[in-house]
Every structure is written in C-alpha cells, then in structure tokens.
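**Q** Sharing a structure with you now.
Since every read-out is calculated from the coordinates, none of them should be taken as a lab result. On a predicted model such as this, the values are computed, not experimentally measured, just so you know. Counting neighbours? That spans all protein chains shown, and the Cβs are built from the backbone with ideal geometry, glycine included.
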Amino acid sequence: MLKEPSETLSRLQLRIRPDEKAAIVRAATLEHMDLSHFVLRTVLPAAHAVIERAERVELSERDSLRILDLLEHPPLPSQRLLAAAQAMPVEP
C-alpha cells in the first residue's frame, strides 16, 4: 500500500526576505528544479558536513598513539574513582 505524501513527508517553514527568496527561486529555475528540490540539494550536503565535523574527532599521530597506549595499558583507578564507585547505589 502506498502512503500518502503527507504521511511520508514533512514541511519546513522559514522566514526569509523577499529578495533572498527571489534569488533562491531564480537559481532553482536556472537549474530547472522546483524550489524544494533545489533547497534540499543545496542544504543537505551542508547539513551533513556540519554533522560530520561535530561528530568526528581528528587526532594527531602523537595523540592517537597515546590513546592506543592508554587502552592497552590503562592506569590504575585513583582513590577518588574508587570512592565514587563504592558510593554508587547497588541495583537489586
């Protein structure tokens, strides 16, 4: 059974100055696209790039080696960590 478009799509509204909208509509027309397709094609790559930058951590070679060394040879727990672990409630 095919879903109605209203069940599979969501509407996005934004406030925009008339001159900005005119520029976007003109660009979409020049690309032979409807406004929604043009905006999505333009905005989604930027959104994915922002998400990628926010979720990825890039380390120097020195820092990468340090993390690998800590994973292979973890430090002993400090007294504060042991005290915090002992203070945690025990679940039944």
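**Q** Ordered by residue, what ³J(HN,Hα) values in Hz, to whole numbers, does segment 11-24 give under the Karplus form 6.51 cos²θ - 1.76 cosθ + 1.60, where θ = phi - 60° and Gly and Pro are x?
**A** Working through the residues one at a time gives 8, 10, 10, 8, 8, 8, 5, x, 5, 5, 5, 4, 5, 5 Hz.
**Q** For the chain, what is the charge dipole size about the Cα centre, in debye to the nearest 20, if Lys and Arg each add +1 at the Cβ and Asp and Glu each add -1 at the Cβ? List each step's numbers first, then the result.
**A** Numbers: 12 positive and 14 negative charges, 86 e Å.
The calculation lands at about 420 debye.
**Q** Would you work out which of L40, L59, T29 lies farthest towards the positive end of the dipole of segment 13-74, given +1 charges on the beta-carbon of Lys and Arg and -1 on that of Asp and Glu, about the Cα centre?
**A** T29
**Q** If you stretched the chain out fully between Q86 and R41, how much longer would it get, using 0.36 nm times the residue separation minus the C-alpha to C-alpha distance?
**A** Value of the extension gain: 10.9 nm.
**Q** Follow-up question, since we're still on this one. Scan the chain and hand back the longest stretch that contains none of the trypsin sites (Lys or Arg not before Pro) lying in DSSP loops with at most 10 other Cβ atoms within 10 Å.
**A** Within the chain, the longest run free of exposed trypsin sites (Lys or Arg not before Pro) spans 16-55.
**Q** Here's another thing I want to ask about it. With a/c under 1.5 counting as rounded, go ahead and sort the chain into rounded, prolate or oblate using the C-alpha gyration tensor (a ≥ b ≥ c being the square roots of the eigenvalues; past the cut-off, prolate if a/b is larger than b/c, else oblate).
**A** Values: a/c = 3.56, a/b = 2.24, b/c = 1.59.
Cα axes put the chain in the prolate bin.
**Q** If you don't mind, there's one more thing I want to ask. Taking only Cα atoms, what is the 0 to 90° angle, nearest 10, from helix 35-55's long axis to the longest principal axis of the chain?
**A** Orientation of helix 35-55: about 10 degrees from the principal axis.
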